[in-house]
Amino acid sequence: MATVVRILERNSTIMEEVFERHKLAEEDRHREFDASVKIQAWFRAARVRAYIKYLHRCANIVQKVWRGYLGRGIFRELVKQQVMIMRMNYYNAMATKIQKIWRGYYTRKYVHNYYSRKQYLEGLMVKNEIIRNELAEYTEQKAADRQHAEAIAAQKKLLEEASKRHYLISTEVVPSIYNSPFKPHPDEMEFILRSVQPRPPTGPKPKRDNRSGIIVPQSPPLPLSEPLPPIAQKLQGPFRPPNEVLKQRFKALQPTLRVQTSFTSVDEAREAMKAKEWVMRVNDNIFEPFTRRTVPYESYLHTTSKYGHLPYGTRYFREENLAQHITSSNFKTVVSPIPVFEKLNDTYAKGTDTVPGNPV
């Protein structure tokens, strides 16, 4: 106690200095804490960026080596193909040359003969002359047949015109225009008119009485009404054509999207996505810092909690805790199957219940 009294007497302002320094430290504590947090964040970010840059450089090296290997293999295959093409072209050219020489020799020795070719051409000329004469005769025959047919048609037309103009024939009292008294002999048309029968009048034939032979007068014809429209082809009876009924009975199945998809499609998609994520990972090793630290890691104040903190990069980014899921057997994430859909693709025929072979 005496020592404390002597210290106080020697320096009476020590308590004020202690309180003042404590006050300043308390004021700067938050600012220093934020500064230290920022420095730690910057250092760790720089370390992560350096590691990622290192991974990219390693990946570039691996890709460069692999692509170089693939390129050299492809180049070798292209060279082999080009060499094979060059060889085949050379062999084809040689074969063509050999064939050309052999065919020329064979043709000159066995095929081409001047005297046989001259004899063949002479025979060909004779044959052509015979064919030309036959064609000329055939043409003359066709022309004669055509002229005969035209003459028959003209004669038929003349007789038809003469039957129409039969009223111009001459009588014993009045001569016609074809039998002029100023000519020494009648015209040819006069003889044609005498040889044909007059054309019967148009219209209905008059009715005669069988006993007396007198023409029975007919009543005037009734006025004609407008024609009725044609009857359209329509289906007779209460039944449809068999083709339409069979087309409806055996029409193609058009299931809905609910029937086409599986009940476990969502789970299968999730498993496929997880497998793809596992395959596409660059590195399976856990990220470790470049420097070893002997001092234990001190957690951040803003990330510390009673549940703990998951370090970055030590676990999968897609986590799932199956223990937290609802595992009740009564709960299902999909709709239960519908019994009606089990009858799809079945053919319904007459006298059956659901499918052929099951009688009603």
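Read the figures in this text as sums done on the coordinates, not as results from a lab. Quick caveat: nothing in here was measured; it's all calculated off a predicted structure.
With 5 Å bins from zero, work out the P(r) of segment 15-112 over every alpha carbon pair and list the percent per bin.
2, 10, 6, 7, 5, 6, 6, 5, 5, 5, 5, 4, 4, 4, 4, 3, 3, 3, 3, 2, 2, 2, 2, 1, 1, 1, 1, 0
Give the shape of segment 53-108 as rounded, prolate or oblate, defined through the alpha-carbon gyration tensor: a ≥ b ≥ c are the square roots of its eigenvalues, a/c under 1.5 means rounded, and otherwise the shape is prolate if a/b is larger than b/c and oblate if not.
Cα axes put segment 53-108 in the prolate bin.
At a temperature of 25 °C and a viscosity of 0.890 mPa s, determine how fast segment 114-161 diffuses translationally according to Stokes-Einstein, using the Kirkwood radius over alpha-carbon pairs as Rh; express D in µm²/s, rounded to the nearest whole number.
After rounding, the answer is 179 µm²/s.
Can I get the semi-axes of segment 102-210's equivalent ellipsoid? Compute them from the C-alpha gyration tensor as square roots of 5 times the eigenvalues, in angstrom, largest first.
Those come to 71, 20, 8 Å.
Skipping prolines and chain starts, which residues have an amide H placed within reach, meaning under 5 Å, of the one on residue 176, given they are 5 or more residues away or on another chain?
Residues meeting the amide H criterion: 170, 171.
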